[in-house]
């Protein structure tokens, strides 16, 4: 099926060296069966001068617009238009000034309702401004005019406005007005026509913020569904950038509220949102994104260049069994100091160990000073060593760069050591860690950012800023080559499953099809002569919104957090059900206390082919579980069954009481002890032949989840449960909870 | 949000049975307090809890850390920290005075001051050349002088406080040139035309035009003064009305200063060149040009363009009516201009046209240049 995708970027894709350009390029090239139209906003004039990258043939057309300059079309509003503008802008600003967008401390019912009302107000004012810009033009001039300033001043002085906004002085108002005008420049674009964004089947915004704004308007004007991908949350980036600048509190408060409202509206209007990791996901949930819309799609790395090293064809023989490798950009956030201190302890336990720091120079001004500081510390901590009295000595810590004779490529950097160490205190998505995993190296990393989510159970994780813990973990692995090998193999398997380009592209392919399958065809279908085809489009019901949704308030404490920790599932006793029932990705809370916190299998480990329960950190990677950062039981050895292709029921029950293998959670969620493996009886097979077909008998309790919006796409589903009780030979357990809607 | 004093640090805390078993005093009663102290700056600066959350994460605080502090996640930890930070919202940041200008700014000021003097210097040289030469060379001096002065004017207006980020339209430039040309030759031509001429060349009014060419320098200084003072008022005022009220006298003052300088220049040029200085015509034209430039520099191009065109058109029309009155049956056309010139001299016409225009622009400037939006700092294209 051919899908026409309007790819929206800001300061990104077709321009050379833009943000996320590589990802967009891979996505467009990987999905050659679809058609892409690129709508790009350029961020600076220099970026425009630098030109575009080579575009593959599936890119139909590229439309660009500058964000760095306002287009003054010379339109001056008349009295009626000006009133329309001031009303809309006033509404927008009142919604912005009317309190925090993303929920203050009190989230009582009335507070949530009023927040919702404010969000609605913001959205309708935004669309009104967009309509004004489409009808009349001249929005850029109007947003900087004196009447806009008056509206802004009035909104700031209104009782009930943000406390910080009330202190705004005239320069602050000017700054805010200029910033809002810049942020709303996409409203004045001429992309919202039937032959532009209207011709796309869906809009895919490659980032939040300004890139998502055209998608928002295309959805409003033309009904094009919107998909938002955020590898870094725009709102968070705004906060960090704003705190670096020295603006008045009133400016920062107003702009933060504005961007918060905008993010909320983008998340509300988006059909699906794909955060890049669970950290971004939590921010999005916090900003009001509906959980049902979120699909985490991890970024993908090109695995081919690590294949030789990862498969052991190259480099493993030259690897020094006593060498630790650190690869990355040398900057203070990587905490090399702590690594050097840890290395001192490692050498106390294991003399003869070497540390190779393979650094790429960072652009930051203080990076060079930091590197010099690290070198000095290394020279101070470790004297040069030599083989004998006649040999020239060398420092056990070496600072190297990629491209030299010893380390010609990045893969060689990982290949040259037995163990890869990551000592960061701040980290987003740890690309270096994924590279190490693809190289099949055992890793020891600090628990920051998305590290735990990435590593799963295939490496050791220690708390940040804890050199002793880092040292202990490294020593444990240095002394156990077999374990290193096992972990490395498991890490490579996990990375190949989760963090490859193919995985990323396949995920987006599926998401595109999912969105298109849920959105009605709006264009008239014509035959060869250009005549409209009657009944060319099947009549279908499109229900806007979700009518089975229960209201979910993110700020409330979740159920699992009330009371003592509980075990998600029964300890495995009967595993007679097939692994094919693995559609339950949510372990059920509230059944039994846990024997050990580390036995919780998170959703990630369910997806992994082979989660090695080596470290305690791995199984903790589920987003919903109270984390217990402990490293102590890492020495517990893994059962031998770990590398069997798929742990069968027998293997699991013999070895898995401590470490439940993959299918346990769903097996145990069917709590009837001797539940038959039961292929579906004849009458049942037909109604459930849809995408969500389940090979188990359908109990009465299934009716409720099956009435979700998804089930509308399967004709005849509703008939299933009514037939079921009479036909089923098996007893119906009441507690079967198969969340059919969870499609990810 | 009120903080429960019995459970410091745990407004969202879990009812952990292990709480009582913990050895007392190991980590202090209030684990969040240390964190608050460490990130004091962040918390005091933050405008909402999410900013603290973003800052904490940038410092490596994760959900695991928050869990150790008995919070569900970083967001709830940030909310507690936000609520517990004493933040005096009324602390008015010290009104930053644009104090001593930076060396770069003073160098720029020197450069535009020098450039503003260029047209005057060129004009003086041309006038001297015209006085000293005769015949063919004189024509060459005149032509090259006009070109040089045009280039000088372009240079003087390209930078400094009179420069405009907004594109001036070609028509406005053409009308400005026409007005200057009329100031140079218009009065003489009008006189000659009324007498049935022109017969050969007619006298040129070089003194007023030289004064007008010297005027960019005081104009730039006055505009700079106005802009700098207005910026200072801007950072000090709390409301738009207050700002407008404080800037209006400033505008009038700067304008008056410029007028005084212009009349001084006119008197000087008149004395040196021994010509009638033409206070009315040249003075009003200078005022008109300054106001038009001030408005254009701040993006208000529409009204100045129209007013310049109107004044120029009136002057052109006067000449046309005088010449057209020689056609048979059209003698009554010359009536109004003739009457005016007979009553108050030929200089009354440009004075009237430019004076009316300047008055309109003065009213317009008093309305628009006192707006805060007219003094917005230029948008930096990051």
Pairs of Cα atoms under 8 Å, at least six residues apart: use those to get the relative contact order of the range A:304-498, whole percent.
26 percent
Please work out the FRET efficiency for the pair residue A:292 and residue A:49, using the Cβ-Cβ distance as r and a Förster radius of 35 Å; give the result to the nearest 0.05.
0.20
Taking only DSSP H segments of four or more residues, each worth -39500 (n - 2.57), what value at 222 nm results for chain B once the sum is divided by all its residues, to the nearest 500 deg cm²/dmol?
-22500 deg cm²/dmol
Could you let me know the centre-to-centre spacing of the range A:392-415 and the range A:314-373, using Cα atoms, in angstrom?
11 Å
If r is the Cβ-Cβ distance from residue B:340 to residue B:158 and R0 is 22 Å, what FRET efficiency results, to the nearest 0.05?
0.05
With a point put 7 Å past each Cα toward its Cβ, work out how far residue B:263 is from residue A:509 in nm, to one decimal.
8.5 nm
If I take R0 = 41 Å and measure r between the Cβ atoms of residue A:302 and residue B:34 in this structure, what FRET efficiency does the formula 1/(1 + (r/R0)^6) give, to the nearest 0.05?
0.40
Mean separation of Cα contacts under 8 Å, 6 or more apart, over the residue count of the range B:30-84: relative contact order %
39 percent
Which parts of the range A:370-392 would a label at residue A:398 reach, counting a residue when its backbone N lies under 14 Å from a point 7 Å out along Cα-to-Cβ?
A:385-387, A:392
Pop a pseudo-label 7 angstrom from the Cα along the beta-carbon direction at both residue B:150 and residue B:302 and give the gap in nm to one decimal.
3.0 nm
Express in whole angstrom the spacing between the alpha-carbon centres of the range A:206-275 and the range B:156-190.
47 Å
At a threshold of 8 angstrom on Cα-Cα distance, excluding pairs fewer than six apart, so keeping six or more, what relative contact order does chain B reach in percent?
15 percent
Label points 7 Å out from Cα along the Cβ direction at residue B:133 and residue B:228: separation in nm?
4.0 nm
In degrees between 0 and 90, to the nearest 10, how far off the longest principal axis of chain B does helix B:135-158 point, with axes built from Cα atoms?
20 degrees
Quick note, the range A:304-498: a/c under 1.5 would make it rounded; otherwise a/b > b/c is prolate and the rest oblate (a ≥ b ≥ c, C-alpha gyration tensor); here it is rounded
Taking a ≥ b ≥ c as the square roots of the Cα gyration tensor eigenvalues, with a/c under 1.5 meaning rounded and otherwise prolate when a/b beats b/c, else oblate, which class fits the range A:79-181?
oblate
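Just so you know, all these numbers are worked out from the coordinates, no wet-lab data involved. Note that the structure is predicted; figures quoted are calculated from it, not measured. Cβ coordinates were reconstructed from backbone atoms using ideal geometry, including for glycine residues, and neighbour counts include every protein chain displayed.
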